[in-house]
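Taking it in order: structure first as structure tokens, then the write-up.
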């Protein structure tokens, strides 16, 4: 079909649909079936019939005064479907007509309710577009609540529902009314005209009074709707306004706890959910915060824990299963947020767990909830607090293990396994019944129960095996059999690791050979999880039972392990190397074992060391492997050293990355230290000889020689090797950048090995040489950084050295070289960690320096001084940090970016430093996210012009800082005022800015979903443009890759939006 034909078809369909909708609305009065059709049509195609919007809106508005409730209700629904497509003028018409009608107080009650429902529907449908009308709508809704009589309870409930919708969908514009709405919701959450003060009794007596309950059930009033709407209103405030969390704990939390005694079950569930929402939002806001102080919402909650427990305890007396499950849900969230908070209240809670698990008349859902609460309770409290209740808990778990429902059984088996953390002496009287209950579940064929059975049995044996000597052979044989079944194989493999790690040294001699043989075959399986578990289990078995494993088994295992070493799966490689090291250390008396490792594993290790991906734990494992290998009697030091150096020589052909050379150098260093002082000294002389060989043009050998000297020098004092520092610094004159960089690396690491000798040498070189300040400053930076971490050698950085260092650093502060500026800043930041009282005041003075480079260096220095670990700098930084962060409003762009980076670091590492400053800093930070035309310039390149945006990195840093603040200071951030216009602007910016904006949007969708929903339609266009963006025909691969990355991040953001419920 051609494009013209398609256009004609769509036009014909449009005309037909419009005619049908007009016909549906033309009835006098229109039938309900017509309205159903109109609503469905507007939902699907309201945006394609814009020319008839005015007619349809007029017709629908006229139906709001219908005498039939169903017609009015459907008219409101149709208007809500039409509203997102309406122009601003028509939306204003619909809203203002409802508002005007509400101002006429003499309307019939049902008509007033309909108009309130229309405001509710409109605000939910159009979100932030409803914001301009709040000034008239919200006071009216509040007044209808406060003036409602007992006969107008549904009117009051409708008003509260409308306020809830407005708060969720217009969180930015509703902020001036939060206080009034909060007070209103708190007043009406306990609204119950049928209960007077003299009738209020304690909850326990109330639930025991059957006659009273019957009266309440028979009472046909609508006050419960008001209380329910109020509870949802409170929930809306909690989720849409995290900055009010502290006030919510002061005013709303006690009220909610008191309302746990609500007599209507549906309302009670909403109150439970509101309280749970309060706890979850507290978790979001306080995530990552350290100690609880009086300014923290968690501190306020901790004061309320006794009241919560007392109120929940009374609810557990209720007959309703739904209420009991809801009560346990509250307790679970409470323990997740405040671990160990129920230690003093177990006496009132444990009996309920016992009752629900022992009594077979209770439903499976309640038992599962009780077991889930027990799991969280035991995981978050010290085992000692459960000692007085251990018999009750054991009896309850044993009873639950025998339950007919498989999920209850599986959960109970998991809880029985968790008893392994308790004192053996305390549990000894209950070991036999627990074991018998577990063994009774052996015939169960369900996979989940079977896995839990194996896991639980292994934990019981590992913890209490000395009291189960008669049962041990049959148990072990059973676990070996379970290794043969596909569904329980992985769990059984892990079970033998638990047994091998047991302090009881369980006797596995009857099954050990079969277990090891089976495990060796599992190393060939396709399942990665099984291979990893098998390797870990073999490691544990070798450590504990290595002397009982035969030589042939070791050779088989080593042969299988060698093929698993690869940078494709570094975690697997770590496990394999650790196992090989364990075998060499524990079985060094077996010569063939060492030979097998040398011939099978060493070649694979030499291949792995060439990988650019090797780092972290994998590199540490490889170093330990070489240490164990050189200490064995089967591989000489010279052989291993030659192998490593030969591997490094391949860099001449461009075959090795810098990371690979660094890995080789580190392995050479640990090899030398493990071989002893004599071989280490000979190696150092050999490396010096390579550097002193003037005739050599082999830059690869010089490169690896410098790296090796640096790694050895960091681990060992090289002051016995005379003039080694001069040998290294001569390489600064090399024409090759990689040689000069390696020389700087070597010099700083050698200095770390003996600070008193080499630090003065570095300082003199910085003072006297003008050619290589960057390289020498890098060497100094490493020395200072090491001292700021290694406090055992801190005294070596004497006052005279610090004075000289500071003089040198401040001399280089004004350098135009960004690399020098950054190194100087890092040096100053690390010195501030060592001597904060001396340096922070000096840095503070520099913030008013006329030189922008100096101000920027100072801001970056503060960034490097804010580290995650506590230190003596914290006390002085609390009072002085505002001076540095206020550089965010500096006139120089580079200074502003440096201040933003410092703010981001503070928010990530020590958010308490900036908590009080965030409200003042946020407007300044948001201002840096906006494109500033004065920073955009056009460069004439002859044939064409190139646009350069100097503010790009500044905006990127600002958005990344906001992303960090959302993690650490969410209670200080109003997400609604940030999303529009700042985030919206970033989503349409350069792709380097879009990427952090997509991450922020994903985070907001998770933490503040209603703030995002309120402006969801405005987010569509920038995301759609990003996804549809295509690189130009002459784009290079880097541009194509970047375009794919930004599309991928946009899709991840859209996926996060789709998860909002």
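Laboratory data are not the source of any read-out in this text; all were calculated from the coordinates shown. Note that the structure is a prediction, hence the values are computed from the model and not measured. Because the Cβ atoms are built from the backbone with ideal geometry, glycine has one as well, and the counts that use them run over all protein chains shown.
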Given R₀ = 60 Å, FRET efficiency for residue 723-residue 395 by Cβ-Cβ distance, to 0.05?
0.15
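Note down, for the stretch 690-753, the three equivalent ellipsoid semi-axes (square root of 5 times each alpha carbon gyration tensor eigenvalue), biggest first, whole angstrom.
Each semi-axis is the square root of five times an eigenvalue, giving 19, 12, 10 Å.
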To the nearest 10 degrees, how steeply does helix 32-45 sit against the main Cα axis of the chain, on a 0 to 90 scale?
30 degrees
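Per the Kirkwood definition applied to all pairs of different Cα atoms, how many angstroms is the hydrodynamic radius of the chain?
Values: mean 1/r = 0.0284 Å⁻¹.
One over the average 1/r among Cα pairs gives 35.2 Å for the chain.
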For labels at residue 310 and residue 466 in the simple 7 Å Cα→Cβ model, what's the distance in nm?
4.6 nm
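Using alpha-carbon pairs under 8 Å, 6+ residues apart, how would you state the relative contact order of the stretch 595-683 in percent? Each step should come with its number before you reach the end.
On the way: 72 pairs, mean separation 35.3, N = 89.
Reported relative contact order: 40 percent.
Relative to the compact globular guide of 2.2 N^0.38 Å, what is the alpha carbon radius of gyration of the stretch 800-853, as a ratio? Please list the in-between numbers first.
Values: Rg = 10.8 Å, N = 54, 2.2 N^0.38 = 10.0 Å.
Taking N as the residue count of the stretch 800-853, the ratio is 1.08.
Checking the a/c ratio against 1.5 first, then a/b against b/c, what shape does the Cα gyration tensor give for the stretch 812-973? Before the final figure, lay out the partial values.
Details: a/c = 2.31, a/b = 1.40, b/c = 1.65.
Oblate.
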Zone reached by a paramagnetic label modelled 7 Å from residue 677 Cα along Cα→Cβ, restricted to the stretch 710-735 with backbone N below 19 Å, covers 712-724
If you wrap the stretch 509-590's Cα atoms in a convex hull and average its projection over all directions, what's the area in nm²?
4.8 nm²
Distance between the stretch 144-190 and the stretch 1009-1035 - C-alpha centres, whole angstrom:
35 Å
For the chain, what is the relative contact order in percent, using Cα pairs closer than 8 Å and at least 6 residues apart in sequence?
6 percent
So what's the angle, to the nearest 10 degrees on a 0 to 90 scale, between helix 658-675 and the longest Cα principal axis of the chain?
50 degrees
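Suppose R0 equals 45 Å. What FRET efficiency, 1/(1 + (r/R0)^6) with r the Cβ-Cβ distance, do residue 303 and residue 802 give to the nearest 0.05?
Values: r = 47 Å, r/R0 = 1.04.
Taking R0 as 45 Å, the efficiency between residue 303 and residue 802 is 0.45.
Report the full-extension gain for the segment residue 336 to residue 93: residue separation times 0.36 nm, less the Cα-Cα distance, to one decimal in nm.
Contour length minus Cα-Cα distance gives 82.6 nm.
Given 20 °C and 1.002 mPa s, compute D for the stretch 460-547 with the Stokes-Einstein relation, Rh being the Kirkwood radius over Cα pairs; round to the nearest whole µm²/s.
Values: Rh = 13.0 Å.
Value of D from the Cα-based Kirkwood radius: 165 µm²/s.
So how much slack lies between residue 938 and residue 445, counting 0.36 nm per residue of separation and subtracting their Cα-Cα distance, in nm? Can you show the working numbers first?
On the way: separation 493, 0.36 × 493 = 177.48 nm, distance 7.36 nm.
Contour length minus the Cα-Cα distance gives 170.1 nm.
Pairs of Cα atoms under 8 Å, at least six residues apart: use those to get the relative contact order of the stretch 553-624, whole percent.
Working: 59 pairs, mean separation 31.0, N = 72.
Reported as a whole number, the value is 43 percent.
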So what's the gap between the Cα centers of the stretch 687-746 and the stretch 501-517, to the nearest angstrom?
51 Å
For the stretch 371-447, what are Rg and Dmax over the alpha carbons, in angstrom?
12.2, 36
Shape box of the stretch 545-694 [Cα atoms, principal axes, largest first, Å]:
57, 36, 22
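For residue 686 and residue 1037 in the same chain, what is the full-extension length gain: residue separation times 0.36 nm, less their Cα-Cα distance, in nm? Numbers along the way, then the final one.
Values: separation 351, 0.36 × 351 = 126.36 nm, distance 4.44 nm.
Once the chain is fully extended between residue 686 and residue 1037, it gains 121.9 nm.
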So what's the angle, to the nearest 10 degrees on a 0 to 90 scale, between helix 512-522 and the longest Cα principal axis of the chain?
80 degrees
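First check a/c for the stretch 404-560, with a ≥ b ≥ c the square roots of the eigenvalues of its C-alpha gyration tensor; if it is under 1.5, answer rounded, and if not, answer prolate when a/b is larger than b/c or oblate otherwise. Each step should come with its number before you reach the end.
Details: a/c = 2.18, a/b = 1.40, b/c = 1.56.
Judged from the Cα gyration tensor, the stretch 404-560 comes out oblate (a/c at least 1.5, b/c at or above a/b).
Applying a 10 Å radius around every beta-carbon, put 559-567, 344-352, 990-998 in order of their mean neighbour count, most first. Working shown, then result.
Details: 559-567: 18.8, 344-352: 16.1, 990-998: 21.4.
With the highest mean Cβ count within 10 Å placed first, the list reads 990-998, 559-567, 344-352.
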Using alpha-carbon positions, what is the distance between the centroids of the stretch 349-392 and the stretch 52-88, in Å?
54 Å
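Starting from the Cα gyration tensor of the stretch 900-984, take the square roots of the eigenvalues, sort them a ≥ b ≥ c, and report rounded, prolate or oblate (rounded when a/c is under 1.5, otherwise prolate if a/b is larger than b/c, else oblate). Could you put the intermediate results ahead of the total?
On the way: a/c = 3.40, a/b = 2.33, b/c = 1.46.
Note, shape of the stretch 900-984 comes out prolate.
So, R0 is 30 Å and r is the distance between the beta-carbons of residue 474 and residue 527; what FRET efficiency does that work out to, to 0.05? Numbers along the way, then the final one.
Values: r = 28 Å, r/R0 = 0.94.
Efficiency, from the Cβ-Cβ distance: 0.60.
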Above 22 Å lies some portion of the pair distances; for the stretch 977-1061, what is it as a whole percent of all C-alpha pairs?
23 percent
Inter-label distance for residue 1006 and residue 100, nm, one decimal - labels placed 7 Å from Cα along Cα-to-Cβ
4.8 nm
